[in-house]
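Below is one structure, written out as structure tokens; comments come after it.
The values are calculated or read from the model by the stated rules, or taken from the named source; none is laboratory data. Bear in mind the structure is a predicted one, so any value in this text is a computation, not a measurement. So basically every Cβ, Gly included, is an ideal-geometry build from the backbone, and we count neighbours across all protein chains shown.
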Amino acid sequence: MRTLGILLAAGASRRFGAQDKLLADWEGAPLVVAAARALEAAGCDALLALVSSDAVEAVLPAPFRAIRVAPGLPLSHTWRAARDHAQQLQAERALFMLGDMPSVSAGTIRTLMADDGGSRACVFDGIPMPPALLTADDMRGLRAEEGDQGARALLRSLPRNSLVPLMAEEALDIDTPKDLCRDRVPPVVRP
């Protein structure tokens with residue numbers, strides 16, 4: 001398999017309150033659906049979603065295969081599970097997308113995937129972040145105990161020409177109910 005799309009959608013939503021933030025309304029649909037649709041439009045060979053909730057799994061678009069992780073575990077556990085599934089499927093590379101970043105454009109994701117070179121990531125305000133495209137070699141290099149910290153270090157080590165700039169709207173990460181109410185600029189459209 002060439003490219004595996006991986007939606008990380010198993011977060012605990014601790015700062016969001018009682019409601020699962022991934023199910024919060026975002027332009028008429030659950031928040032996680034916006035991120036899933038952008039990943040789906042990228043043209044990956046297969047799509048996985050790491051989830052810890054039946055309700056989140058139920059709203060995923062049909063092409064996604066849900067992989068269950070236990071609720072309440074740290075992000076590092078989800079990263080390890082995603083990496084392990086990518087290795088089991090012998091993916092040459094994996095495109096990681098966060099379920100709580102609903103405004104990343106399909107154009108940005110296509111730009112990440114356009115290069116056949118090494119790993120790539122998005123960058124906003126000088127900070128490398130997902131969405132990120134990781135090669136099989138780079139995923140193998142992440143030690144199991146490092147989890148998301150190892151992935152963060154890997155993204156920070158990428159050369160500048162491997163970083164795709166995010167616009168401010170695309171970098172919106174929903175962590176609290178207030179984040180849903182921010183004044184938003186019109187959706188980003190990239191060729």
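Brief remarks on what is shown
- Flag for THR108 being among the β-branched types (Val, Ile, Thr), part of a helix (DSSP H, G or I), under 30 Å from ALA29 (Cα atoms) and modelled with pLDDT of 90 or more: yes
- The condition (being at pLDDT 95 or above and farther than 24 Å from LYS178 by Cα) is satisfied by just one residue among ARG83, ARG2, ARG65: ARG65.
- When PHE124 is tested against (1) hydrophobic (A, V, I, L, M, F, W, C); (2) modelled with pLDDT under 90; (3) buried (at least 16 other Cβ atoms within 10 Å of the Cβ), just one condition goes unmet, and that condition is (2).
- Looking only at residues in region 38-57 that are touching a residue at least 60 places away in the same chain (Cβ under 8 Å) and in a helix (DSSP H, G or I), the one that is nearest to the chain's Cα centre (by Cα) is LEU39.
- THR78 being over 14 Å from the mean Cα position of the chain (by Cα) and among the β-branched types (Val, Ile, Thr): no
- Tallying residues that are under 15 Å from the mean Cα position of the chain (by Cα) and not hydroxyl-bearing (Ser, Thr, Tyr) within region 86-106 yields 13.
- Selection of region 79-96 for residues being in contact with a helix residue (DSSP H, G or I) (Cβ under 8 Å, 6 or more places away or on another chain) and buried (at least 18 other Cβ atoms within 10 Å of the Cβ) yields TRP79, ARG80, ARG83, ALA86, ALA91, ARG93, ALA94, LEU95, PHE96.
- Hits in region 34-51 (condition: closer than 14 Å to SER105 by Cα and out of contact with any helix residue (DSSP H, G or I) (no Cβ under 6 Å at 6 or more places or on another chain)): ALA34, ALA35, ALA36, ARG37, LEU39, GLU40, GLY43
- Scan of region 5-35 for residues that are aliphatic (A, V, I, L, M), modelled with pLDDT of 85 or more and in a loop (DSSP other than H, G, I, E, B), ordered by number: ALA10
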